[in-house]
Structures are given as C-alpha cells and as structure tokens.
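Trainee: The structure is given below, and queries will be raised subsequently.
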Amino acid sequence: MPTSKTQQIINDLTGKIESGELAPGAQLPSTAELRAQYGVSITVVRGAINWLKAKGMVEGMSGVGVFVAERND
C-alpha cells in the first residue's frame, strides 16, 4: 500500500530517533531543509512535525527550532 509523503517523513524521522542517529536534544533540520530533502511542501513537513510533537518525540522551541525530546522509557 502506498505511503503518504507525510507518513514517509514520519517513518524516516522516527527511525532516526529510535536508532539514536538523532539523539535526545538534537535539533531537526529546518523546515526549509526538510522540504528540500524530501521534495515536499511546507504543509507536508508541518504535518509530519506536528504528528511527532503530538507523540512526544520532538519539542518545538518558538524561533529556535525543533528538537528530539528526552526519552522517558
């Protein structure tokens, strides 16, 4: 079954977070960088980031960026 572009970004970033490639406290690439990397619109990137925020995987700091959340396993 085809995966949406939003879901592809979610899967990719989730994999990087869970593998430790993106460690707690690490800053995610900017929205512009993610748009260029995945070839998608800002809406798609924001949707993926908002999903990751809702799951507690990342935290946004207004005007600073989005960072991998500390894990509470």
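The values are calculated or read from the model by the stated rules, or taken from the named source; none is laboratory data. These figures come from a predicted structure and were not determined experimentally. When we count neighbours, we look across all protein chains shown, and the Cβ atoms used for this are built from the backbone with ideal geometry, even at glycine. Note: accessible area is taken over every heavy atom of the protein model, side chains too, but ligands, DNA and RNA are not part of it. Shrake-Rupley method; radii C 1.70, N 1.55, O 1.52, S 1.80 Å.
Trainee: Once the other residues with Cβ under 13 Å from the Cβ of residue 35 are scored (Lys, Arg +1; Asp, Glu -1), what is the net sum? Show your work: numbers first, answer last.
Mentor: Working: positive: 5, 46; negative: 33.
Combined, the nearby Lys, Arg, Asp and Glu give +1.
Trainee: Additional query: Carbon-plus-sulfur fraction of the accessible area of the chain, 1.4 Å probe, in percent?
Mentor: After summing per-atom areas, the C and S share lands at 49 percent.
Trainee: Tell me which label goes with the value of Cα Rg over 2.2 N^0.38 Å computed from the coordinates here: [x] 1.04; [y] 1.19; [z] 1.45.
Mentor: Read-out from the structure maps to [x].
Trainee: Accessible area per residue, 1.4 Å probe, Å², for the chain: what's the number?
Mentor: That works out to 65 Å² for each residue.
Trainee: Run the helix sum for the chain: -39,500 (n - 2.57) per DSSP H stretch of 4+ residues, divided by residue count, reported at 222 nm to the nearest 500 deg cm²/dmol.
Mentor: -15500 deg cm²/dmol
Trainee: A follow-up question, please. By how many nm would the segment from residue 64 to residue 4 grow when fully extended, if each residue of separation counts as 0.36 nm and the alpha-carbon distance is taken off?
Mentor: Full-extension gain reported as 18.8 nm.
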